[in-house]
1. Collect the residues in the stretch 7-40 that are under 8 Å from the mean Cα position of the chain (by Cα) and without any contact (Cβ under 8 Å) to a residue 12 or more places away in the chain, keeping them in residue-number order.
2. When the stretch 40-57 is examined, which residues are found to be touching a strand residue (DSSP E or B) at 6+ places or on another chain (Cβ under 7 Å) and part of a strand (DSSP E or B)?
3. So which residues in the stretch 1-39 are loosely packed, with under 12 Cβ neighbours inside 10 Å, part of a loop (DSSP other than H, G, I, E, B) and at pLDDT 95 or above, if there are any at all?
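The values are calculated or read from the model by the stated rules, or taken from the named source; none is laboratory data. Quick caveat, the model's predicted, so the values are computed rather than measured. Here the Cβ positions follow ideal geometry from the backbone for every residue, glycine too, while neighbour counts run over all protein chains shown.
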């Protein structure tokens, strides 16, 4: 089974599918499926990669 969250490495730009008002965010870390993202309009957020399907903007 492939871990789809493995593409979310530091520096990758993403969007949260349920929070468009947060704007784009840059991945800070991805450890054990816990993805830390610094969103432009929200700040730093730690997400459970098994519960949120982040949208890849650019890598």
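1. Within the stretch 7-40, just 36 meets the criteria.
2. Initial filter on the stretch 40-57 (touching a strand residue (DSSP E or B) at 6+ places or on another chain (Cβ under 7 Å)): 40, 44-49, 54-57.
Hits for the stretch 40-57 are 44, 45, 46, 47, 48, 55, 56, 57.
3. 10, 11, 17, 18
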